[in-house]
Amino acid sequence: MPHSHLHADPAPHAHLHPARFPVTVDVVALTVGGGELRVLLINRLIEPFKGGLALPGGFVLPGEGLRDAAARELAEETGVARLPGHLEQLQSYGPAGRDPRGDVLTVAHLLLAPDFPVLAAGSDAAHAGWHPVSDVLDGVLDVAFDHRQIIADAVERARSKLEYSPLGAAFCGEEFTVAQLRAVYEAVWGTRLDPRNFHRKATGTPGFLEDTGAMSAGEAGRPAALFRLAPESRFVAGEPVRAVLNPPLMRPRG
């Protein structure tokens, strides 16, 4: 029997070392104001892109969780000490090709919130303010790094979320009229909705809204019923208890 010269190959990649690179967080904070969808941007104080517009964000500190890092960076760069609305992880980007300093992985987060004042800029932000999302997506405003793509992905996530979840109310206060809620859907979806049809769908979707019994000055000063999220759709620790609306409120296609 001939002698075998076959030898087992070494374990694949056994000689390779894991890559090491910094991790950052970026926060796409979206709100509805003046009938349009807006995104929170800061003016960078440091290079790269010094003076340019960018999403609030920065490097994750040793031992820090991603959500904690996102909340900290938002507080440091915009003065928002307590996160309003709903925060969730969007997706990761990189690490190669997105930062002129080298490989940097960023984990983007999406914040859906009622319109809130930006108190002050700090750390590596010279100024913070709300800007129309359409100006960013249409290229009217230049933003640093790959932030235009991140914002585009966040907007699409928000549009989908409004169809299947109660997160449209994250843009409103505790109590709101159906017209105010409709204005959120119109701003996020970028379309006009039939008021009667929307009212019927929103109030007729099981477990979505409940009538508070109170009235508010509605459109053109006419009294309008105030609603809030039904108990099964309310937010606990920033997360909606009810994950899915059935039937969904589908955005118009075409």
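The set of residues in the stretch 165-214 that are more than 19 Å from GLY33 (Cβ to Cβ) and under 20 Å from the mean Cα position of the chain (by Cα) comprises SER165, PRO166. Count of the stretch 150-167 residues, restricted to those that are without any contact (Cβ under 8 Å) to a residue 60 or more places away in the chain and either buried (at least 19 other Cβ atoms within 10 Å of the Cβ) or more than 14 Å from LEU55 (Cβ to Cβ) (or both), is 3. A search for C-beta distances below 8 Å between a residue of the stretch 191-215 that is farther than 13 Å from GLU175 by Cα and touching a residue at least 12 places away in the same chain (Cβ under 8 Å) and any residue that is open to solvent by 50 Å² or more (accessible area, probe 1.4 Å) and among the polar types (S, T, N, Q), counting only pairs 6+ apart in sequence or on different chains, returns THR205/ASN246; PRO206/ASN246.
Determine whether LEU30 is modelled with pLDDT of 95 or more and in contact with a strand residue (DSSP E or B) (Cβ under 6 Å, 6 or more places away or on another chain). Considered against the rule, which asks whether it is modelled with pLDDT of 95 or more and in contact with a strand residue (DSSP E or B) (Cβ under 6 Å, 6 or more places away or on another chain), LEU30 comes out as yes.
All of (1) open to solvent by less than 30 Å² (accessible area, probe 1.4 Å); (2) farther than 21 Å from PRO84 by Cβ hold for ARG192 with one exception: (1).
Per-residue answers, yes or no, for (1) assigned to a strand (DSSP E or B); (2) over 19 Å from PRO114 (Cα atoms); (3) not β-branched (Val, Ile, Thr):
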residue	(1), (2), (3)
TYR185	no, no, yes
VAL188	no, no, no
ARG192	no, yes, yes
ARG196	no, yes, yes
LYS201	no, yes, yes
GLY213	yes, yes, yes
LEU226	yes, no, yes
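Just wondering, is there one or more residues in the stretch 79-95 that are out of contact with any Cys (no Cβ under 8 Å at 6 or more places or on another chain), open to solvent by less than 10 Å² (accessible area, probe 1.4 Å), modelled with pLDDT of 90 or more and over 21 Å from VAL236 (Cβ atoms)? Within the stretch 79-95, none of the residues are out of contact with any Cys (no Cβ under 8 Å at 6 or more places or on another chain), open to solvent by less than 10 Å² (accessible area, probe 1.4 Å), modelled with pLDDT of 90 or more and over 21 Å from VAL236 (Cβ atoms).
The values are calculated or read from the model by the stated rules, or taken from the named source; none is laboratory data. Since the structure is predicted, the reported quantities are computational estimates derived from the model, not experimental observations. Note that we place each Cβ from the backbone using ideal geometry, even for glycine, and neighbour counts take in every protein chain shown. Note: accessible area is taken over every heavy atom of the protein model, side chains too, but ligands, DNA and RNA are not part of it. Shrake-Rupley method; radii C 1.70, N 1.55, O 1.52, S 1.80 Å.
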